[in-house]
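Everything below concerns the one structure shown next.
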Number of protein chains: 2
Amino acid sequence: MVPPEGHGGGEGKVPEGHARAEARLPDGYDKYAFEPFAVAVDLAVFTVRGGEMQALLIRRGQEPYAGRWALPGGFVRPDESAETAARRELAEETGLSGTAAAGLHLEQLRTYSEPGRDPRMRVVSVAYTALVPDLPEPRGGGDAAHAQWLPLSGLGIRAEHEAVQAGREGAVVDDRALSRGTVLAFDHDRILAHARERVRAKLEYTGLATSFCPPEFTLGELQQVYEAVWGTPLDRPNFRRKVLATPGLVEPVPGAARLTKGRGKPAALYRAGGAAALHPPLLRPSREGRPA
Amino acid sequence: MVPPEGHGGGEGKVPEGHARAEARLPDGYDKYAFEPFAVAVDLAVFTVRGGEMQALLIRRGQEPYAGRWALPGGFVRPDESAETAARRELAEETGLSGTAAAGLHLEQLRTYSEPGRDPRMRVVSVAYTALVPDLPEPRGGGDAAHAQWLPLSGLGIRAEHEAVQAGREGAVVDDRALSRGTVLAFDHDRILAHARERVRAKLEYTGLATSFCPPEFTLGELQQVYEAVWGTPLDRPNFRRKVLATPGLVEPVPGAARLTKGRGKPAALYRAGGAAALHPPLLRPSREGRPA
DNA sequence: CCAAAAGTGTTCAGGGTACACCCATGC
DNA sequence: GCATGGGTGTACCCTGAACACTTTTGG
């Protein structure tokens, strides 16, 4: 912050830059005195389909990285925040209406600003993670049907324990050891890997898993979300008890019940609870070291 | 990302903007076709002194917000990443040499991009959190001695449970209910509150607390860090056992021992362990709801 | 000898894991 | 009836909380 002044000292720390620096007013500032940064948003949109996590990706038509998959995204417009831009892109890319997209979970992940990450110009990208339920036909409704769900397993995104082996021991996964190769355009492998790790971790201590579910869901469906994201089978009785014992995670829909796959006993329905933070957390099992 | 192309579709989604948009080349792009964004870094630098968390702040000398405290920070230069810029600013502001500052914990917090956050122009700020030990004289060694440590308790930064009361129930504190008023310049109250909450949370499941300690420290000192950050007294025997039972948190310095305040039994010395992630986590007690 | 800080031992309750068992529905 | 998924009960283990106690230093 504190643009032209530097900070407190008052010696006008404007970056010298190779920019079109005109007169740098001593008491004012010149909007165009800096090397231009483009500010964009990138979206890591996840869903759970067919028992595994999938990401919404876009096939690039032009250089650089023509033909490669990339994260959806776009520029931040002059009058909007990155958050707003991300929400707008999310609605466009999922093909949902603005009001429908407003209910989706959207969360800032982190910002990627390495100078060389786009070969054409300096682009600073604020990455967001979005979680959507398994929509019937989630692609862009109109012409932008180039968006597609792809399972993470086919994208060289490593599971955490593999990455930990590749890197050093108990690192919190800020590393780039998470993506096996360069499958996606730009640094999107890294972004997607970071986003996936964040989601995996957040399922433990937040009610995030319900964002993958439709408005009303059964505990079996919720368990499938956990199992898909963590890649671990869970004990059904214990899962059930933990979820119901966690205040604010889910709340029952009074009389409702539904069959799951045409088979078995009809299951009670639940809605997402209001609480975002879970106490106690719902820990995933094993994690190299202690048993289960 | 994917600057001038939009994404895959190929319809050149360049933001229209009130910008100096000249000819928008269909296959190329114009670096200056966008409203200029300034990209800056803001630093929330914390230490533990006198039994409480303190932040490094700077007194602003000019408008806007002249006379108010602000977070240290500065612009990202054309050839550096936000990470590099943050590291550079951290070294400048703490007065440490580059090599000494390289050892400090520095971590990206999140990015603030609301259009009106700086009244003068559009500034997108990537905020970082830094943790430093209680340095003897941590201010800028030279002329920039305007940086000062201030206890958070005097800045209207709420504790988590207060913020939770103010907001809704178990929210994960992405709210602005964390800062009581507007004490700092710009949106720095909010940034500082977010940073503090992150540090508090991260102490539970990472080895971050050692970043507040000198290279060699006693378990008593480490415990004081936890107690200061969480604002809760901890049971010494249990703390001791947990820390020593957590692989990679600390490692003993073979023969060393030191007195703590001239009094009592000399304590064994420890170094920070290599592990960043703790299993099992070191949970803080109570947290409104379950006892302790 | 006393105060202060470090370090050890022990008890006890709650929560997590594992697993056995019963219920309801479609075919 | 049988397969499939939903739901309940229970025994055991282990961690974490509480607290009593010993050790080593300076005054």
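The values are calculated or read from the model by the stated rules, or taken from the named source; none is laboratory data. Model, not experiment: these values are computed from the prediction. Methodologically, a virtual Cβ is constructed for each residue, glycine included, from the backbone with ideal geometry; neighbour enumeration extends over all protein chains shown. Surface areas here come from the heavy atoms of the whole protein model, side chains and all, with no ligands, DNA or RNA. Shrake-Rupley method; radii C 1.70, N 1.55, O 1.52, S 1.80 Å.
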How large is the convex hull of the Cα atoms of the range A:206-272 per residue, expressed in Å³ as a whole number?
94 Å³
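Counting only other chains, what is the mean number of Cβ atoms within 10 angstrom of the Cβ of each residue in peptide A:37-50?
So the per-residue partner count for this stretch is 3.
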Surface accessible to a 1.4 Å probe, per residue, for the residues of the range B:207-292, Å²:
55 Å²
Ordered shortest first, which distances in nm separate the 7 Å Cα→C-beta label point of residue A:156 from those of the other copies?
5.0
Rounded to the nearest 100 Å², what's the accessible area chains B and A bury against each other, both chains counted, probe 1.4 Å?
6800 Å²
Please list, in chain and number order, the residues 5+ apart from residue B:267 or on another chain whose amide H is under 5 Å from its amide H, with Hs placed from the backbone.
B:258, B:259, B:260
Output wanted: per-residue J couplings in Hz (rounded whole) for the range B:126-132, from phi through Karplus 6.51 cos²θ - 1.76 cosθ + 1.60, θ = phi - 60°, x for Gly and Pro.
8, 8, 10, 10, 10, 10, 10
Inter-copy label distances at residue A:116, 7 Å along the Cα→beta-carbon direction, one decimal in nm, shortest first?
4.2
On a C-alpha basis, how far is the centre of the range B:206-256 from the centre of the range A:223-292 in Å? Whole number, if you could?
35 Å
Phi angles of the range A:236-245, converted by Karplus (6.51 cos²θ - 1.76 cosθ + 1.60, θ = phi - 60°) into ³J(HN,Hα) in whole Hz with x for Gly and Pro, give 4, x, 5, 4, 4, 4, 4, 4, 6, 7
Other copies of residue A:235: label-to-label distances in nm, shortest first, labels 7 Å along the beta-carbon direction
2.6
